[in-house]
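Notes follow once the structure below has been shown.
The values are calculated or read from the model by the stated rules, or taken from the named source; none is laboratory data. Since we're looking at a predicted model, the values are computed, not measured. Using ideal geometry, Cβ is built from the backbone for each residue, glycine included, and neighbour counts are taken over all protein chains shown. Ligands, DNA and RNA are stripped out before the accessible areas are found, and what is left, the full protein with its side chains, is counted by its heavy atoms. Shrake-Rupley method; radii C 1.70, N 1.55, O 1.52, S 1.80 Å.
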Amino acid sequence: MEKEAFGIELQQALSKKQEWYNTECLQELLMQYRLMHSCVKNLYDCFVKKSLITPDPYRLDKKISEITVPETGQFSENEISNIFGSRFSDYETMLDFICTYFRFTTENFSIQNVKKLLDFNKVFEWDDLSMNNSKMNTRALAITINNAKNGAPSVVQSMINDSITKCSQSTKIISKILNELGIFLRELYKGGLRKDLFDHPDFNREKAAESADAELAEIKRLYTKVTGKKTFYNDLVTEIIEEDHGPDKEKRQAAVLEKLAIKNSSKFEEKKKAVPDTKEMIMQAVLALGAIAPTLLQLHTKLLDNFGLLFQKKKGFFNAIIAAIKKAFHISQRERVCQIMVKDSKTGAERMQKIHINDFLAELAQKERIYNGIGAKAVEYQKIVSSTEEAILGFVNKQISEIQSIFVIINSLDAHFKKEVDIEFKPKIKGMQIELSALRNSIINANKKRGEYISFKDETEQMHKLGISHNA
């Protein structure tokens, strides 16, 4: 393969692969980090609530500007609350930084920070959470999880198990993407040197073509002038020279282009040119609903605590006697009901609504199971994706309507708890506005995707009536 022809083909392949990473692969990576952060945050809040770890009082004041890896050294089990608590807090905070402030573009990734992220991925071994694990971080996490599940309500145990499974799955996907990204960034570095140095007016092409040593001398002569303080990777520069002067240079050049090939390139090209798949569009709305599951879990947990406070009576001799009698004679508790003031989102009119608490929480738990199944692309997702577009749209319409009603009720309950809980228990009320804000955003996102689908279908129908095709 001629050197000049190889250079042109190389730059084209790098450009296509870079576009693929920026538009597809790195967005998948970000989605996995967001899923993982949501699960880790759920676990962290659970550990703090059960006083299994000591929260860092300066946690929110820490200024993070770059990726750092929490400590992984050994410590004794009697230090789990403090040392593990601090490390798990740093782990969750770093995930938040990655999801919120780190830009997921190839321009923002470097070989060094890919290595840091791979090391970060090894801080806890999510697929080997054993209380006998040789790595203390993982052993401490396993012990803390076991203590958190001990005597916890089924909804909390379900949340913990689900979070562990998702973290295990996400770390595997993240590691795979990062390892492949690391390989690409090495080729991007080499391709960048070829472009910046070899095309520079001061680069002596004739001299560089004479031998491997002459090319290396030219690279070193111009490197700092052209790249500034960019890291000089000896092994990658050696690869460039071997690709240009080695006895098997044609084979090496072909291997580089093979590395840069997008395995589903035809699919990638089709995606850019083809008419949008309408079923895929409405399934994006379904997946947006699936993303609601972690927020519902958090709200469910807080609702259980707040309902407990709402019906908790002030301690007194008479109340204690009544509770003891009911327990002794196995008298079941009366079904819990509360009346709340609900505002109509369209008209603004307020009305009283009776909430049957057990039924409402059961409905919430059912939504969690469905959305969890969608998010994990499990049985629930497979049933939906195998349905017709009309059926899927009907499902999305029903879910958005129901989750909007749930949002209104929980928002009203948040105000109800703050007003009606006995004054001595008010400090223990769990505020829900952060989760409600997240739920509102998720509903808006699902609604937006549903709207895009409906608009495209309507537009297509109008164009069809006019005899115009999207492919035209």
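Rounded to the nearest whole Å², what accessible area per residue is found for the stretch 115-219 with the 1.4 Å probe?
45
Ranked highest first by the average count of other Cβ atoms within 10 Å around their residues, in what order do 193-201, 141-149 fall? Let's see the in-between values first.
Values: 193-201: 15.4, 141-149: 18.7.
In descending order of packing, they fall as 141-149, 193-201.
Where does each of Thr295, Thr238 land when they are ordered by accessible area, with a 1.4 Å probe and the largest first? Could you put the intermediate results ahead of the total?
On the way: Thr295 15, Thr238 65 Å².
The ordering from most to least exposed comes out as Thr238, Thr295.
Quick one: length gained pulling Ser387 to Asp458 fully straight, 0.36 nm per residue minus the C-alpha distance?
Numbers: separation 71, 0.36 × 71 = 25.56 nm, distance 2.06 nm.
Length gained, Ser387 through Asp458: 23.5 nm.
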Put Lys63, Lys230 in order of accessible area, largest first, 1.4 Å probe: what do you get? Lys63, Lys230
Helix 111-120 versus the longest principal axis of the chain: what is the Cα-based angle in degrees, 0 to 90, to the nearest 10? 30
Across 5 Å bins from the origin, how do the percents of Cα pairs in the stretch 1-135 run, short distances first? 2, 8, 15, 19, 17, 12, 9, 6, 4, 4, 2, 2, 1, 0
In whole Hz, what ³J(HN,Hα) sequence does the stretch 184-191 give by Karplus (6.51, -1.76, 1.60; θ = phi - 60°), x for Gly and Pro? 5, 5, 5, 5, 5, 4, 4, x
Separation between Cα centres of the stretch 242-263 and the stretch 374-407, rounded to whole Å: 47
Between the helical axis of 293-310 and the dominant principal axis of the chain, each derived from Cα atoms, what acute angle in degrees is found, rounded to the nearest 10? 20
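Of Lys17/Lys220; Lys116/Lys176; Lys367/Lys418; Lys16/Lys457, which sit over 23 Å apart, Cα to Cα?
Over 23 Å Cα-Cα: Lys17/Lys220; Lys367/Lys418; Lys16/Lys457.
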Restricting things to alpha carbons, tell me how big the stretch 87-170 is in terms of Rg and Dmax, in Å. 15.0, 48
What is the distance, in nm, between label points placed 7 Å from the Cα along the Cα-to-Cβ direction at Asn132 and at Gln312? 4.0
Within the accessible area of the chain, what % is carbon and sulfur when the probe is 1.4 Å and the other protein chains stay in place? 53
Ellipsoid equivalent to the chain - semi-axes via the Cα gyration tensor, in Å: 53, 32, 17
Aspartates and glutamates whose Cα lies under 15 Å from that of Lys207, excluding same-chain neighbours fewer than 8 positions away: Asp199, Glu215, Glu218, Asp244
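Go through Glu92, Glu242, Glu4 and list them by solvent-accessible area, largest first, probe radius 1.4 Å.
On the way: Glu92 10, Glu242 65, Glu4 140 Å².
Order by accessible area, largest first: Glu4, Glu242, Glu92.
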Degrees, to the nearest 10: 26-49 long Cα axis against longest axis of the chain: 40
